[in-house]
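Below is one structure, written out as structure tokens; the observations come after it.
The values are calculated or read from the model by the stated rules, or taken from the named source; none is laboratory data. No experiment lies behind these values; they were computed from the predicted model shown. Using ideal geometry, Cβ is built from the backbone for each residue, glycine included, and neighbour counts are taken over all protein chains shown.
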Amino acid sequence: MKTLYMYCNEFAYTPTKKTLDFVPDAGDGKSFKNAQTIFIQIEKEDEENENSVFKKLVKQIKWIIKKNQPEILVLHSFAHLSDSKADPKFTMDFLQRLENRMNDSGIETTQTPFGYFLDLKLDAPGFSLARVYKAF
């Protein structure tokens, strides 16, 4: 798994093109203030180590949330951090499980629409933990 954490003063997306037939319609775009975004590449090997990778990711997320104090966590599937890609249905289920886990922990969490190309708007300030890369 590869992750890129970007704290954003503002993060917005607009769906542009559906890339997977089985995903639900995305609806309109959304915008968030004071958002911790996570660009997540779930890799093929993560399917075999799901529980271990999931636990490490939850721990890393809680650490960055504590440091940056965002109002919301935004999960964004980003299949461009590695050549290895997990099955799309596995990825979608993993991200939903992660969203549920974070919400259950009291961290308001949402996702960008899975299976879509999106126009993104980022306003990311320049401080030490505004951008963090982590591979598991």
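Identification of strands (runs of 3 or more DSSP E) wholly contained in segment 1-104 with 1 or more residues that are among the aromatic types (Phe, Trp, Tyr) and without any contact (Cβ under 8 Å) to a residue 60 or more places away in the chain yields 30-41. Residues of segment 120-136 that are over 14 Å from the mean Cα position of the chain (by Cα), of a type outside the set (A, V, I, L, M, F, W, C) and either modelled with pLDDT under 95 or surrounded by 11 or more Cβ atoms within 10 Å (Cβ to Cβ) (or both): Lys121, Asp123, Gly126, Ser128. Quick test of your reading of the structure: Asn49 fulfils all but one of (1) in contact with a Phe, Trp or Tyr (Cβ under 6 Å, 6 or more places away or on another chain); (2) farther than 18 Å from Met6 by Cβ. Name the failing condition by number. It is condition (1) that Asn49 fails. If the condition is being among the aliphatic types (A, V, I, L, M) and in contact with a helix residue (DSSP H, G or I) (Cβ under 9 Å, 6 or more places away or on another chain), then segment 51-76 contributes Val53, Leu57, Val58, Ile61, Ile65, Leu73, Leu75. Given the structure, is Gln111 touching a helix residue (DSSP H, G or I) at 6+ places or on another chain (Cβ under 9 Å) and farther than 12 Å from Tyr5 by Cβ? Answer is yes for this residue.
Output yes when any residue across segment 68-79 is over 24 Å from Ser31 (Cα atoms) and of a type in the set (Gly, Ala, Ser), and no when none is. There is no residue in segment 68-79 that is over 24 Å from Ser31 (Cα atoms) and of a type in the set (Gly, Ala, Ser).
Table: residues versus (1) hydrophobic (A, V, I, L, M, F, W, C); (2) under 20 Å from Thr19 (Cβ atoms).
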{"residue": "Ile64", "(1), (2)": "yes, no"}
{"residue": "Ser84", "(1), (2)": "no, yes"}
{"residue": "Arg101", "(1), (2)": "no, no"}
{"residue": "Glu108", "(1), (2)": "no, no"}
{"residue": "Pro113", "(1), (2)": "no, yes"}
